[in-house]
1. Please work out the FRET efficiency for the pair MET139 and HIS82, using the Cβ-Cβ distance as r and a Förster radius of 25 Å; give the result to the nearest 0.05.
2. Only four residue types carry charge here, +1 at the Cβ of Lys and Arg and -1 at the Cβ of Asp and Glu. Report the dipole size of region 51-125 about the Cα centre in Debye, rounded to the nearest 20.
3. I'd like to know which of GLN60, GLY40, ASN112 lies farthest towards the positive end of the charge dipole of region 1-123, counting +1 on Cβ of Lys and Arg and -1 on Cβ of Asp and Glu.
4. Need the full-extension length gain, ARG27 to PHE150, defined as separation in residues times 0.36 nm minus the C-alpha distance. One decimal, nm.
5. What ranking do 12-23, 108-119 get when scored by the average of other Cβ atoms within 10 Å per residue, highest first?
6. Determine the dipole magnitude for region 1-124: charges of +1 sit on the beta-carbon of Lys and Arg, -1 on that of Asp and Glu, nothing else is charged, the reference point is the Cα centre, and the result goes in debye to the nearest 20.
7. Taking a virtual spin label 7 Å from the Cα of ILE95 along the C-beta vector, which residues in region 130-155 bring their backbone nitrogen under 18 Å of it?
8. What number, in percent, do you get for the relative contact order of region 1-101 if the mean sequence gap of Cα pairs under 8 Å and at least 6 apart is divided by its residue count?
Amino acid sequence: RTGIIAMGEGGHQVTLHLYDLSQGMARAMSPALLGRQIDGVWHTGIVVHGQEYYFGGGIQLGYPGGTHFGRPMQVIPMGETHIPEELLQEFLAEISPRFTMHTYNLLRWNCNNFSNEVAQFLVGKEIPSHILSLPDDVMNTPLGQQLMPFLNMMEAQMRTASEQGVGQGGMHQWTPPSGREGVHSLAPATAVESATVSTATAEEAVPTPPVPEKAAEEATKV
């Protein structure tokens, strides 16, 4: 089970939920299309204090593993934190102007950048580097630039899905606590059954745009 786990002396487990937005297509098609292996198109969320926090159309939260992204592909232990929920809410209020619908960028300022900042605040370390380096890995390939129109389409789809998902399936838009004090929690500290490390891919990921025509032609030549 994921979510809040008491560790003694007020400690709580922090985990990173990893989702593949391509639903396995990146792993299958990237060698032919990009000339190198890309294991997934990663979305992440930080799970602590019984909530899953992530960045989409602003800072959002939901039941761990119960958002519209479906079950996580992988659950990565990040360590334990002794930072209380009240201080986490104050931290989110402080960084929230930098994580809005208008600042979101699929390649340069996305959910993984948010997860990385929250992880450093809670446990003092970054999320795995291969997650953060994915945009550069893709754009540094010969066909990477040709994917830009479709990546922009995916970004628009993600924003729409985030907007439509608010209030559904245990998902809520995070808002700062009144006066930046006290605990702000929109859902009970309830853990849900989730995938174990290295399980199947996410079931309800954001739709993947079609493969560029030129890229598809390159794939058939390989």
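Every read-out reported here was derived from the displayed coordinates using simple, explicitly stated rules and does not represent laboratory data. Please read all numbers here as calculations on a predicted model, not as lab measurements. Cβ atoms come from the backbone with ideal geometry, glycine included; neighbour counts cover every protein chain shown.
1. According to the calculation, E is roughly 0.05.
2. Magnitude of the dipole: close to 400 debye.
3. Result: GLY40.
4. Contour length minus Cα-Cα distance gives 42.5 nm.
5. Those peptides, ordered most packed to least, come out 12-23, 108-119.
6. It works out to roughly 600 debye.
7. 130-134
8. Here the relative contact order equals 34 percent.
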